[in-house]
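What follows draws every value from the coordinates through simple rules; no lab data is involved. On a predicted model such as this, the values are computed, not experimentally measured, just so you know. In this analysis, Cβ positions are derived from the backbone assuming ideal geometry, glycine residues included, and neighbour counts consider all displayed protein chains.
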Amino acid sequence: MVNDVPGLRLLKVGDGWDVVRTSAEMGLLALAYLRGTGISVGPVLYDRPNGRLYYAVPTDAPASWEDLPVRHLSTNSWLVAPGLELLDDWFGGWCELPDDDTLTDVDALHAALQHPYVAAAKDEAHADAYL
C-alpha cells in the first residue's frame, strides 16, 4: 500500500540500523537535550498523527530500554517514512535528516530520555492521562 502513496518509503529496520520509538513529547525534549550537548544525532522521524518519534540507532546497540517507556524495533520491523521531499504539517517529517551514516548513540539517547526535565514531562503526561 505504501507504493500507492507518493513520497512515502517502506524501510527495513534491523539491516544496518535499528529504531527506538518514543512518544513525541519525550522524544522532542530528548532531541533538544542531545542537540544542546552537541552530541551527533542520526536520523529522527516525527510521526505527527501517532504522536511518536523514531531514532535511528546502531543494530549492535547493547542498551536496555526496559526502564523507559520506549520500544526498540529491530529485525522483522518496517518503518513507513517520507522521502526528503515530503514534509508537511499533517504527517510530520524528519527532525534530523538521513543525509549521512550517522546514527544516534544509544547511551546518549538513553541518558537524554532519563534527563530530569524529560522524565518530568513523562510523569506529567502519565498524571494527565488519569484526570
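For region 68-79, what does the Karplus curve 6.51 cos²θ - 1.76 cosθ + 1.60, with θ = phi - 60°, yield as ³J(HN,Hα) per residue in whole Hz, taken in order and with x for Gly and Pro?
These are the phi-based 3J(HN,Hα) values: 10, x, 10, 10, 9, 9, 9, 3, 6, 10, 10, 10 Hz.
Hand me the GluC sites (Glu not before Pro) from region 13-86 located in a DSSP loop with no more than 12 other Cβ atoms within 10 Å, in residue order please.
Filter output for region 13-86: 66, 85.
Provide the net charge surrounding residue 61, with neighbours chosen by a C-beta distance below 12 Å and charges set as Lys +1, Arg +1, Asp -1, Glu -1.
Net local charge, residue 61 excluded: -4.
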